[in-house]
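Nothing in this text is a laboratory measurement; each read-out follows from the coordinates by a stated rule. Treat the numbers as computed from the prediction; the structure is a model and nothing was measured. As a convention, Cβ positions derive from the backbone with ideal geometry for all residues, glycine included, and neighbour counts pool all protein chains shown.
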Amino acid sequence: MNKRSYLIAGVLLMVALIAATYLILGQDNDEAEDDSQQTFTVGFVNIAAILNPTVDGFKEQMAEYGYTEGENITYIYNGPVARDALASEIQSLIDQDVDLIVSLTTPASVTVKEMTAENQIPVVFVPVTDPISAGLVTSLVAPGGNITGIISGSGENRRLEWLKTIGGDVQRVYLPFNPNDASASLTVAELQTVAEALDIELVTLETPDNAAVEAAIASIPEDVDAIFLPPDSLVGSYFEDWIARGIELNLPTSGSSLSHVEAGVLCSFSYSPVEAGKQAARLADQILKGTNPGDLPVETSEPLLSVNLVTANAMGLEIDEDTLQLANIIIR
């Protein structure tokens, strides 16, 4: 072979190498584009209108992580549903092949866990008082299975203390609760000890359905000094009625979330629904990127002291400046 032939062969080899390089780079770019164009569908199931801000907080934080609704993520949320419609709502999400389900409240989360046991669709619950007692997880550190989430903190005992501090001469506290809600039942059981230490008598009343809650609102005992609303989606769904009756009867009322206080309840020492939603989004982001939900520890949404001065003024209740200085959020 002469020099000319060697030169032509070398050029052809060079062209072949360059072509192969561009082909490989093109494949890498295609794969990168495929990754960047990956889309997800997230479904929500909720039975409490008061938790709509949690959905808003979730979406807001997901946007911060780069998930743009209508582009790389789709949300399915039909608003709060009745308890007897939970199963059909969850099945609808399953049928739509969602990548993740966000369940709000303990009852909704328990049903979601049952219905995803076989298909193993990832689940993030928010907020739940005690996911272990509710049977959602076996460990907060290593939840296992297809589920993890956010708990609403351990502020219930302190919340009763704050009600006594802010409400004045509080000795008998009216506490309606749904015995079928694990979070509510746990709260009632735990409060017994601290109530005794505070010299408070808890006047508990089981309210397992809507009719019972309505009756509980209409027939508040005349000898109670305050109202304590547990983390109970059924009782809490009547928050507007509780607010009206509390003001009407001049009874300081403690709600189970910041949303209650923003709506008119006197005070609370509890989680922020919006912040809890943002925490849930942090878990969701990791799951959508490939992390097993069961490997993500359950997180706690820290409680905040919130006070509604508008309600206090309407009741003629004076709150001392020292207490207000300790409040994280004051509604004026």
- Query: Just in segment 231-330: which GluC sites (Glu not before Pro) are loop by DSSP and have at most 16 other Cβ atoms within 10 Å?
  - Reply: 318
- Please sort by residue number the GluC sites (Glu not before Pro) in segment 47-91 whose DSSP state is loop and whose Cβ has at most 12 other Cβ atoms within 10 Å. 71
- Message: Using only DSSP helix segments of four residues or longer, with each worth -39500 (n - 2.57), what per-residue ellipticity at 222 nm results for the chain after dividing by its residue count and rounding to 500?
- Response: -14000 deg cm²/dmol
- Using 1/(1 + (r/R0)^6) with R0 = 30 angstrom and r between the beta carbons of residue 199 and residue 309, what's the FRET efficiency to the nearest 0.05? 0.65
- Label-point gap, in nm, between residue 325 and residue 133 - each point 7 angstrom along Cα→Cβ: 3.6 nm
- Message: Can you say what percent of the DSSP beta bridges in the chain, counting only those with both residues inside, are antiparallel? Round to 5.
- Response: 10 percent
- Any idea what log10 I(q)/I(0) is at q = 0.17 Å⁻¹ for segment 58-108, Debye with uniform C-alpha scatterers and no solvent? -0.61
- Item | Selection of trypsin sites (Lys or Arg not before Pro), segment 239-324, meeting DSSP coil and at most 15 other Cβ within 10 Å | 289
- Query: So, counting K/R as plus one and D/E as minus one, what does the shell of residues with Cβ under 12 Å around residue 189 add up to?
  - Reply: -3
- Item | Amide H partners (placed H, <5 Å) of residue 41, local residues excluded | 74, 99, 100
- Given a Förster distance of 30 Å, the FRET efficiency implied by the Cβ-Cβ spacing of residue 209 and residue 250, rounded to the nearest 0.05, works out to 0.60
- Task: Just grab the label-to-label distance for residue 65 and residue 219, each label 7 Å out from Cα along the Cβ direction, in nm (one decimal).
- Result: 4.8 nm
- Report the Stokes-Einstein translational diffusion coefficient (µm² s⁻¹, integer) for the chain, Rh taken as the Kirkwood radius over Cα pairs, at 25 °C with viscosity 0.890 mPa s. 112 µm²/s
